[in-house]
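The structure under discussion appears below in the form of structure tokens.
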Amino acid sequence: MYQYIARRLLLTVPVIFGVAILVFSIIRLIPGDPARAIAGVQASPEFIQQVRARYRLDEPLPVQFGIFLGDLARGELGRSTFSRRPVATEIGERFPRTFLLAMTALVIATIVGVSAGIVSATRRNSMFDNVSMLFALVGVAAPVFWMALMLQLLFAVNMRILPATGIGTWRHLVLPSITLGMASAGLMARITRSSMLEVLRQDFITTARAKGLNERFVIYKHALKNALIPVVTVMGLQFGILLGGAVLTETVFAWPGIGRLLVDSILRRDYPVVQGTVMLMAFLFVIINLVVDITYAFLDPRIHYQGEAGE
Amino acid sequence: MSELLQVRNLEMSYYTEGGRVRAVDGVSFDVEQGEVVGIVGESGCGKTAVSLSILRLLPSPPAKIEGGEILFEGQDLVKLSGERLRRIRGDDIAMIFQEPMTSLNPVYTIGNQLIEAIRLHQQLEGKAARNRAIEMLKLVGIPRADEVIDEYPHRFSGGMRQRAMIAMALSCDPKLLIADEPTTALDVTIQAQILELMRELKERLHTAIIFITHDLSVIAEMSDRVLVMYAGKIVEQGSVVDLFHDPQHPYTQGLIGSRPSMDVERERLEFIPGSVPNPLHMPGGCPFHPRCSHAMEICRREMPGEKQGENEHGVRCWLHLDKSDDQARPLRAAVGAAEE
Amino acid sequence: METNEIPGTGTQSRGYEEAEIPAVDLEDDVSTGTVAPRRRRGVSEWHQVGKHLLRNRGAVIGLLIIGIFVIGAVFAPVLTTHNPIQNNLTMRLQSPSTTHWLGTDALGRDLYSRMLYGSRISLNIGLISVVIGVAVGVPIGAISGFYGGKLDIFTQRIIDIMIAFPGILLAIIVVTVLGVGVQNVMIATGIASVPIYARLVRGSVLAAKEQSYVEAARAAGLGDASIVFRHILPNCLAPIIVQSTFQIATSILWAAGLGFLGLGAQAPMPEWGAILSDGRAYIRTAHHLTTYPGLAILFMVLGFNLLGDGLRDALDPRSRGN
């Protein structure tokens, strides 16, 4: 088990390295002078010169990348060309809000999606199954920003029971997290359902029934743990979708997280912030997928033995 | 009477996209206490369908038991409530399946799956249940049973898994064990070992067994009585001695003729010309007639009734009916007279 | 065939690559006379798939939805009632009426006409980004899977890195570098789908490589390119088609998102996401500006998803019953 985790950890190193290369390239790929991109649009020629010296932009790319990595390791991400504050501070302030939003959404999506999926699978073709699968289809297809606006219109503008925008209380969290979780809930419901149906057809389910176990036990003990394996994999991907969705949801609900920061920074050409935000999001996604893979190994005993003893 | 199980006119169909498939068509047989009854036939003849019907383990839909009785110690399993049927499953009647690789749940240890049945039916808990499980694993010849019990199925070979399945099935001292091709998926040597084990356990535990296989050599070794199935029907039944020495039905004769004499190698029964009919387009009359070298006019029109011989040796074939029954006289002449 | 035994006792599905139809049509290959059975679908096989698809209620609904949008997009010049980009400041923010079926926007432009042209943009984005994704991702996956070795390890790491970015984030990065605009959105969503195709095709190729018909082709002396293009890729067609259908839907959603954020189509282009974004300011007074474009996106995406589901079922022999 520990071997498996160690191996999996080792595999993330090149990925994070690669992510760093990609983020490093962003500024250098944008047409124009990278020094100006880092310094900001209205920077003075002197300041641009300073930046060029600081990041050694006249030297070969590997040297520049070395500087970049060194800065990254120290959490030194440069300064925002818009607010003039350090990028790390800007991100540090907003990241917890995005994390809270994405996690709440993930929890909602998992609870709603997995339970709807189980019930749908066990009562295949029932009214419940049909209705929840219709909801799932719509949830997946609806653009998240539109959903956000519609919920805002309904609950904040018309019914006035929840705040439309901003942060502060738990009530501010309700609409953004539901919006964000909706698509994921739909996807998870569909995957849980089909995975459950697949597992229920397996021979070992017949074995379990032949033992005289009651149906609930067959479903919740024997089928569910097997059925959850693909669901957990999807959860990792969901987190990525949620981070992406956060960019849109935060924009609509004026939720001051890193998603909104990213969009604002792109529009303001505030590249140091763009760099920092992208790096953080990718890093986070890699970590989450690592956690998922480890969870996976706990669920499926076949996984972690494969590395050992050459079985 | 020591009849443990009496199956009477069992009818079971699958409802598929292509239409209704009569998988089990009027099957009747008995199993006495401690007796081993073999059911033999080619793939798709309905033998597995019979075995799964007994404990009502067929997925419904598409499967549906449409008629007949399955009397186990006098109570009809077809009509039993789910709750009462569950009390019989795994306790009085246990099953072993064909695919040991997929019949065990991959995400739980062998012990977990064994103990679960023991706790359910034997009112044993904790240490006692675990000890019983270890005892069962030892009984089926699994070495280091006290360690192996905590292993996951994927660490086991096919033969070991099948032993574990047998241990699981026998853990609650069933009165009847249904073994559905328990050796088919295994290597030849392992097959022999598993058969040896089952024979040994049969002697020791006096459990009645319904042994399902397409392999006549296995039947010969294991069974007291044999049922030969074709296209959902029993075409011949009798004691293993009678059946092998004096096969009556052309299909049985074909099966015995095609049996490789040297070894127990799995052999598709290809020496009978043709193949099993498409269940959606069953030929009229006797379903075997398109492949039968003795086929007569009447075979195409009408399914023969059962002729009982000595020693409860029964056969359903017109070849044997014309000698004793007046019904079969009009071999070529009768057209539509018997069509109902 | 065990038609009579319990249906569907098959092993757990591991995606489309193993769920190939084992339709074998024999074809004599080159002069050696070796017969290389190929599992490529014949005409009748596709006919079967089509028939199965039309029996699937969801797929038919999906096709209908897509059909309506396609007709709207193709015949937009005929079907529109107004010029989609001409301002008319006397008719600002009108509610739906007989002259303006879906109302007007803040500049007095007819929403119905704009949305009709918008369906052109969205369909284009969906199709072109998929073409880009397939054109780049499929060869990468095929080469990586077929040759294996260091090349495979290298491409796999690259793919890992691309997958480390959530799809829309990857698209946002590309747009950041390339600049805003519809064309760049197509490229961005296309690139964002490359790793998905590369993974999918690599898996299929790895599975196909072990099949006897590939061995036979190799024994017959066929070149690598010929084996890959004539024998392996045709067998990966089904998963690629299914994935592409879903990918069209995803690209449309991503593009609308980018448009909404102001990173996609620019004014006065009637892109749905951008229309929605413009309408946001008037959500209290003229919510038709947000409601209808959103519904349009929803239905178009739903259409492709339904079709994708149907195609997956139709191309998967396990679900077709024995």
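Readers should treat all values here as calculations from the given coordinates under stated rules, not as data from a laboratory. Computed from a prediction, not measured in an experiment: that's the story for all the values here. Note that we place each Cβ from the backbone using ideal geometry, even for glycine, and neighbour counts take in every protein chain shown.
Worth pointing out:
- Using equal-weight Cα scatterers in the Debye expression, the normalised intensity of the protein assembly as shown in log10 at q = 0.04, 0.07, 0.10 Å⁻¹ is -0.26, -0.74, -1.22.
- Of the beta bridges in chain B, as assigned by DSSP with both residues counted there, near 60 percent are antiparallel.
- Solution diffusion estimate, µm²/s, Stokes-Einstein, region A:1-155, Kirkwood Rh from C-alpha pairs, 37 °C, viscosity 0.692 mPa s: 160 µm²/s
- Here C:210, B:32 are placed in order of increasing Cβ neighbour count within 10 Å, fewest first, which gives C:210, B:32.
- Residues B:249, B:320 arranged by fewest to most Cβ contacts within 10 Å: B:320, B:249
- Pairs from the table (A:211/B:138; B:79/B:307; A:211/B:79; A:211/B:307; A:225/C:209) lying more than 27 angstrom apart at Cα are B:79/B:307; A:211/B:307; A:225/C:209.
- Estimated FRET transfer efficiency when R0 is 30 angstrom, pair residue B:83-residue A:124 (beta carbons, to 0.05): 0.85
- Amide H contacts for residue B:96 (H built 1.01 Å from N in the peptide plane; partners 5 or more residues away or on another chain; cut-off under 5 Å): B:178, B:179, B:180.
- 5 angstrom amide H check on residue B:36, placed H, neighbours 5+ away: B:209, B:224, B:225
- Region A:90-299 - Rg (one decimal) and Dmax (whole number), Cα, Å: 19.4, 66
- Under 18 Å from the Cα of residue B:47 - lysines, other chains or at least 8 residues apart: B:64, B:233
- Charge tally for residue B:281 (other residues, Cβ to Cβ under 15 Å; Lys, Arg +1; Asp, Glu -1): +2.
- Kirkwood estimate for region A:2-73, i.e. one over the average of 1/r between Cα atoms, Å: 13.9 Å
- Once the Cα atoms are used to define both axes, helix A:170-200 deviates from the longest principal axis of chain A by about 50 degrees.
- Computed over region B:96-137, Cα set: Rg, Dmax in Å: 11.0, 31
- In order through region B:163-169: 3J(HN,Hα) via Karplus (6.51 cos²θ - 1.76 cosθ + 1.60), integer Hz, x for Gly, Pro: 4, 5, 4, 5, 4, 5, 5
- Packing-based exposure ordering (other Cβ within 10 Å, fewest first) of C:114, A:260: A:260, C:114
- Residue B:311-residue C:90 pseudo-label distance in nm [points 7 Å out on the Cα-to-Cβ vector]: 10.9 nm
- Karplus-derived HN-Hα couplings along region B:12-26 (A = 6.51, B = -1.76, C = 1.60, θ = phi - 60°), whole Hz, x at Gly and Pro: 9, 10, 9, 9, 10, 4, x, x, 8, 10, 7, 7, 10, 10, x
- C-alpha long axis of helix B:110-122 to longest principal axis of chain B, angle in °: 80 degrees
- Cα-derived Rg over Rh, computed across chain B with Rh taken as Kirkwood radius: 1.00
- Sequence-separation-based contact order of chain B, relative, with Cα cut under 8 Å and 6+ spacing, percent: 19 percent
- Placed amide H near residue B:140: partners under 5 Å, 5+ positions off or other chain: none
- Of all DSSP beta bridges in the protein assembly as shown, antiparallel share, percent nearest 5: 65 percent
- Contact order normalised by residue count of region A:90-299, Cα under 8 Å, 6+ apart, percent: 28 percent
- When chain A is described by a simple charge dipole with +1 on each Lys and Arg Cβ and -1 on each Asp and Glu Cβ, the residue from A:101, A:45, A:223 located farthest towards its positive end is A:223.
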